[in-house]
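Only the coordinates and a few stated rules stand behind these numbers; no lab work does. Source: prediction; values computed, not measured. When we count neighbours, we look across all protein chains shown, and the Cβ atoms used for this are built from the backbone with ideal geometry, even at glycine.
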Amino acid sequence: MIERLYSSEINPSMHGREVSVAGWVHEIRKLGGIAFVVLRDREGFVQITMPKKEVSRDVFKGLTSLSKESVVVVKGVVRAEPKAPNGYEIIPKEYRLLSRAEQPLPLDPTGKVKANLDTRLDNRFIDLRKHEIMAIFKIRSEVLHFAREFFRSRGFIEVHTPRIISTSSEGGAELFPVAYFEKEAFLAQSPQLYKQMLMATGMDKVFEIATYFRAEEHDTVWHLNEITAIDSEIAFIESEEDVMEVIENLVYYIMKNLSESYEKELKKLGVEIYPQKPPFPRIEYKRALEILEENGYILPYGEDLTTEAEKKLGEVMKDEGYDLYFITKYPIKIKPFYTMPEENGLSRAFDLEFKGREIVSGSQRIHEYELLVKMIKAKGLRVESFENYLKAFRYGMPPHGGFGMGLERFIMQLLNLKNIREAVLFPRDRKRLEP
Ligand code: AMO
């Protein structure tokens, strides 16, 4: 490895020590007898200060004539300097150019020249050089870390189910076909059938963090065609309440840990996280419609909540002091075939809403073979396509339930991002397949 310290690993107390730093040339300023080169690394900025009298001519000339965004490694002496960005600067002794950046740049990495999201995504490798953009992905990485920590601490087993599947797992047609030798196959839209099949094995608590593919035509700030989901399935539950208890504690755990240990990155994004303590409010679907009506929004019974309805409900709940709440007891008609039905046309399905948008769906599932077959037929699906899945219900299947949480949607709401694409390094949407 090239020897170097991150800008954040150096401090004024290291005055007089020789160090090496490496990064991208962010800024060059020449003021007569003195010049400054600001380098950017993953953690921040470091100022290279060159009083003409104190550095060699070659170093002065070389560093000040670099093109912006070139990559260099600089060796020099730390000098405590209260006026410098981190309270120190580096007086260079030598430098090495590792990569010269062409000019002009396709995107301004300082963010001073505003660019639209498309231009930013087209040049994502430069866009990510902005610390506030990189911060989204550092936080995303921590969210996954805390999610894993939470599941493991509760005895969940991490699993991986197939990405290439032969049948729709949600009963819909939103699948991307793939050429799989002589067979018809699709990219997985969820791990649904597999995580349920695992409930017949004795692995009674599982989770999976993976990528899924949704061939939805939507072109909104809220939909992606390639998503990351945190899925879980739990056996021996009494009802969907047991699943909701896991979700609210998971979300609380992530938010609490982030707010406690990630202040610096959150600050870059101007975000404060207020972890909401469980239990989260439960609003039955029927009640949600009433609340909406009381607030001037009429949604016919039996229809899924529209984006506008969700937003409205979010505002009402916000006024009551809640960002997070469940909508429960959805009509069975609008839920997938595997959902456990209840009396009066209701179901044991729920969604978790976060600031007026759905981030999680889940339910208690049907675990009785006959009922499952009946529901598959009732949805107009072909029982034969589900043969392998159904088999797992005939030889001992405990009651179970689970959920799927859209990671990008969670990040979007957590960090108040305007567009879900901001939460993905290289998003895939209706129009975007590159980079
Ligand atoms: P569902 O289809 O609701 O449920 O998906 C689960 C969660 O995934 C996220 N999500 C999306 N995010 C961005 N773009 C999309 N196109 C998109 N589609 C879904 C959402 C959603 O809440 N098998 C069930 C889950 C379960 O019951 O276990 C399922 O896939 O945040």
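A quarter of the convex hull surface defined by the alpha-carbon atoms of region 180-316 gives 13.0 nm² as the mean projection. Short-range pairs are left out: with C-alpha atoms under 8 Å and at least six residues apart, the relative contact order of the chain is 12 percent. Between Val360, Val243, Val55, the residue with the greatest mean-square fluctuation in the GNM of the chain (Cα pairs under 10 Å linked by springs) is Val55.
For region 76-177, the C-alpha radius of gyration divided by 2.2 N^0.38 Å, with N the number of residues, is 1.79.
Full extension of the chain between Lys268 and Lys418 yields a length gain of 52.4 nm, computed as 0.36 nm times the residue separation minus the alpha carbon distance. Scalar couplings 3J(HN,Hα) for region 297-306, obtained by applying the Karplus form with A = 6.51, B = -1.76, C = 1.60 to θ = phi - 60°, are 10, 9, 10, x, 4, x, 9, 5, 5, 7 Hz; x denotes Gly and Pro.
Counting 0.36 nm for each residue step from Glu387 to Ser56 and taking away their Cα separation leaves a gain of 111.5 nm.
Here the 3J(HN,Hα) profile of region 347-362, calculated from phi with Karplus coefficients 6.51, -1.76 and 1.60 at θ = phi - 60°, is 8, 9, 9, 8, 10, 9, 9, 10, 6, x, 9, 6, 10, 9, 10, x Hz, Gly and Pro shown as x.
Amide hydrogen proximity for Val178: with H placed 1.01 Å from N in the peptide plane, the residues at 5 or more positions away or on another chain lying under 5 Å are Ala185, Phe186, Leu187.
What the pair-distance distribution of region 367-435 shows, using all Cα-Cα distances binned every 10 Å from zero, is 16, 27, 16, 30, 10 percent.
Full extension of the segment from Ala173 to Arg96, taken as 0.36 nm per residue of separation minus the current Cα-Cα distance, would add 22.2 nm. Under a model in which nothing but the beta-carbon of Lys, Arg (+1) and Asp, Glu (-1) is charged, the chain shows a dipole of about 2120 debye around its Cα centre. Amide H contacts of Glu27: Val38, each under 5 Å away and 5 or more positions distant or on a separate chain (H built 1.01 Å from N in the peptide plane; Pro and chain starts excluded).
Semi-axes of the equivalent ellipsoid of region 268-418 are 32, 19, 13 Å, computed as sqrt(5λ) over the eigenvalues of the C-alpha gyration tensor in descending order. Put simply, the convex hull of the Cα atoms in the chain casts, on average, a shadow of 25.8 nm².
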